[in-house]
Amino acid sequence: MKFKFCPICGRKLGEMFCGDEGRIPYCEYDNELFFDTPKPCIMVAVIKDDEILLLKQSYIYKDSKVLVSGYIGIDEKAEDTVYREVLEETSIEIQNVEFLGTDYIEGKELLMLTYLASYKAGVLSKSKEVEEASWVKISDALEHMKENLIGQRVIKKVLDRRKMY
Ligand SMILES: [Zn+2]
């Protein structure tokens with residue numbers, strides 16, 4: 001998010017010079033700086049044996065599948081978002097949630113915290129906002145994600161890890 005107006009008082013922002021950071025949008029009434037900020041989200045690769053959970057959500061990619069993802073709520077830990085989003089979108093419970101590092105989607109102002117998790121319990125059943133939810137062989141997953149560059153990077157991390165064990 002790049003700020004032009006103060007999100008507190010609504011006035012047009014000026015600028016303040018902040019050393020190495022350069023000129024930063026500034027509200028003199030609230031005495032607040034508004035640095036450009038990405039929106040924090042999670043993305044999780046859920047694994048069950050040699051399969052991975054993929055969703056179809058055409059509003060994101062017309063011809064590619066996606067991993068479970070979602071926005072981190074206010075006063076919510078990123079790990080709790082991971083459990084919550086998987087449960088909301090697919091009705092399954094997960095365990096062994098492990099951080100895979102951060103990534104971003106170019107031009108979308110999203111900071112993506114990426115995770116690996118394993119299936120724990122429940123029957124796969126998609127929510128209304130998901131068109132399709134299915135288990136796909138991990139070795140075939142990249143073929144389903146031609147347009148989804150960030151998804152490909154997460155899958156590659158998962159594949160690298162599995163070679164380690
Ligand atoms: Zn203000």
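The values are calculated or read from the model by the stated rules, or taken from the named source; none is laboratory data. Please read all numbers here as calculations on a predicted model, not as lab measurements. Cβ coordinates were reconstructed from backbone atoms using ideal geometry, including for glycine residues, and neighbour counts include every protein chain displayed.
Side notes on the structure shown:
- Taken together, the criteria exclude Ile92 from residues that are in contact with a Ser or Thr (Cβ under 6 Å, 6 or more places away or on another chain), at pLDDT 95 or above, closer than 22 Å to Asn148 by Cβ and surrounded by 13 or more Cβ atoms within 10 Å (Cβ to Cβ).
- Answer residue from the range 123-165, given it is hydroxyl-bearing (Ser, Thr, Tyr) and farther than 16 Å from Glu85 by Cα and is modelled with the lowest pLDDT among those: Tyr165
- Restricting attention to the range 112-165, the residues that are assigned to a strand (DSSP E or B) and free of Cβ contacts under 8 Å to residues at least 60 places away in the same chain total 2.
- Where strands (runs of 3 or more DSSP E) sit wholly within the range 1-58, those with at least 1 residues that are within 16 Å of the ligand (Cβ to nearest atom) and not assigned by TED's automatic domain parsing to the domain that holds Val123 occupy 14-17, 23-27.
- Every test in (1) surrounded by 15 or more Cβ atoms within 10 Å (Cβ to Cβ); (2) modelled with pLDDT under 95; (3) more than 14 Å from the chain's Cα centre (by Cα) is passed by Ile47 save one, and that test is (2).
- Residue check: Asp63 meets all listed conditions (1) farther than 22 Å from Leu149 by Cβ; (2) assigned to a loop (DSSP other than H, G, I, E, B) but one, namely (1).
- Taking the listed residues Gly10, Gly19, Gly73, the one that is without any contact (Cβ under 8 Å) to a residue 40 or more places away in the chain, in contact with a helix residue (DSSP H, G or I) (Cβ under 8 Å, 6 or more places away or on another chain) and more than 30 Å from Arg162 (Cα to Cα) is Gly73, with no other qualifying.
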